[in-house]
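The values are calculated or read from the model by the stated rules, or taken from the named source; none is laboratory data. Please read these numbers as outputs of a predicted model, since none were measured by experiment. A quick note on method: Cβ atoms are made from the backbone with ideal geometry, for glycine too, and the neighbour counts reach across all protein chains shown.
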Amino acid sequence: MNFLRIFTRSQSSAPAARERLQVLLAHERASVGDSDLVTKLRDEILRAISKHMQIDDDRVSVKMERGAKVSTLAVDIEIPFDADKKTKKAA
Amino acid sequence: MGKVIVVTSGKGGVGKTTSSAALGAALAHNGDKVVVVDFDVGLRNLDLVMGAERRVVYDIVNVIQGEAKLTQALIRDKRLESLYLLPASQTRDKDNLTPEGVEKVIAALKTAFDWVICDSPAGIERGATLAMRHADVAIVVTNPEVSSVRDSDRIIGLLDSKTLKAEQGERMEKHLLLTRYDPLRAERGDMLKVDDVLEILSIPLLGIIPESMDVLRASNVGSPVTLADGRSAPAIAYFEAARRLNGENLPVTIPGEKKGFFGKIFGRKAA
């Protein structure tokens, strides 16, 4: 078996491992490092808005995207149709 | 004041416990007072690897909860007078380790020992973060394997954010210990090479432990590999790593690397 493998062996696998790791870690370092910040921002933005409007926690997305020169922070909040009324009732 | 070292890795089974025991014994070999602390509460294995499993009476949780004194829980190694073990609890869970308790124990150990080696549990949870919290130096144990390298990268991130040193704005001293390295497979291109791992993780190299039967043999008989057979290849590698920890500027030889004339003279710059 071993004898055959010498001839049938395709390319070595270490370069593939190296490449996959480099791509993966470049991506993970960017996202994991800031996960705390994004969560904090999300919480504080939510708190600020929910003072004035009823919003659904699950319908909020906060995304941080890192570019080479500019990073963007995208906040997407879905406001329910009757959000305004509810707040008035509560108040 | 002793130096606190955490031996850590994200992934399990890469050789943290083996390395803690081997490095502890290597440092104690010179007469330094060393204590190896098992932080893997709930699972514990360091006692077994060091051959002290039948001598455990009290453990770190007993000490933290005030049920035993630190001196009662410390187990002195039968082979080396200056080597001690503080075992983890097998029966309780990791929530019994409180941050305040750990802080007290580490502070007490620091005054009595030259080296406090903390064997961290795998993962990134409470146990692991508590083990690294008070460290002065971190040893990141990694196998030349994708999953291990990735998890090590994560751990390096934690070392730079969740430790006392990081919180005080200082930089944690980190070293890479590459274990289970097989030069033949690396040469064939079927294993990440030392340089690949170093480039990806970019922390200084403390040592390369070659894949060897001697490691398993040593743990089978309950002896740190540096004591079981001091002249085996992994033992020599651990002894050299210990000397580097001690501040010696010793070049790291990569197992299996054919060295040229200049290579022999200059070697590789170590951590």
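Could you please let me know if residue B:63 is out of contact with any Asp or Glu (no Cβ under 6 Å at 6 or more places or on another chain) and of a type outside the set (Lys, Arg)?
Yes; evaluated as a whole, the condition is true for this residue.
Can you tell me which residues in the range B:158-177 are within 14 Å of another protein chain (Cβ to nearest Cβ) and either closer than 15 Å to residue A:21 by Cβ or in contact with a strand residue (DSSP E or B) (Cβ under 6 Å, 6 or more places away or on another chain) (or both)? Let's see the steps before the verdict.
In the first step, residues of the range B:158-177 are kept if they are within 14 Å of another protein chain (Cβ to nearest Cβ); the result is B:158-162, B:166-167.
If the condition is that a residue be within 14 Å of another protein chain (Cβ to nearest Cβ) and either closer than 15 Å to residue A:21 by Cβ or in contact with a strand residue (DSSP E or B) (Cβ under 6 Å, 6 or more places away or on another chain) (or both), then B:159 is the only one that fits.
Within the range A:13-59, can you find the residues that are assigned to a loop (DSSP other than H, G, I, E, B), at pLDDT 85 or above and within 14 Å of chain B (Cβ to nearest Cβ)?
The answer is A:13, and nothing else.
For residues that are part of a loop (DSSP other than H, G, I, E, B) and at pLDDT 95 or above, tally how many sit in the range B:198-211.
The number of residues fulfilling the criteria is 3.
So, in the range B:80-103, how many residues would count as being surrounded by 14 or more Cβ atoms within 10 Å (Cβ to Cβ) and over 17 Å from residue B:224 (Cα atoms)?
10
So, of the residues in the range B:178-194 that are away from chain A (no Cβ under 13 Å) and in contact with a Ser or Thr (Cβ under 8 Å, 6 or more places away or on another chain), which turns out to be surrounded by the fewest Cβ atoms within 10 Å (Cβ to Cβ)? Can you show your working first?
Pass one, the range B:178-194, residues away from chain A (no Cβ under 13 Å): B:178-180.
Still in the running and in contact with a Ser or Thr (Cβ under 8 Å, 6 or more places away or on another chain): B:178-179.
Values: B:178: 31, B:179: 25.
Filtering first and then ranking leaves B:179.
Checking residue B:134 against (1) of a type outside the set (A, V, I, L, M); (2) more than 20 Å from residue B:165 (Cβ to Cβ); (3) touching a strand residue (DSSP E or B) at 6+ places or on another chain (Cβ under 9 Å): exactly one of these is not met. Which one?
Of everything listed in (1) of a type outside the set (A, V, I, L, M); (2) more than 20 Å from residue B:165 (Cβ to Cβ); (3) touching a strand residue (DSSP E or B) at 6+ places or on another chain (Cβ under 9 Å), residue B:134 misses just condition (2).
Tell me the residue from B:47, B:77 that is buried (at least 17 other Cβ atoms within 10 Å of the Cβ) and in contact with an Asp or Glu (Cβ under 6 Å, 6 or more places away or on another chain), please. Walk me through how you get there before you give the answer.
Details: B:77 fails: in contact with an Asp or Glu (Cβ under 6 Å, 6 or more places away or on another chain).
Within the list B:47, B:77, the selection yields B:47.
Under 8 Å between Cβ atoms, at least 6 apart or on separate chains: pull out the pairs that start in the range B:105-129 with a residue that is farther than 22 Å from residue B:58 by Cα and end on any residue that is hydroxyl-bearing (Ser, Thr, Tyr) and at pLDDT 95 or above.
B:122/B:9
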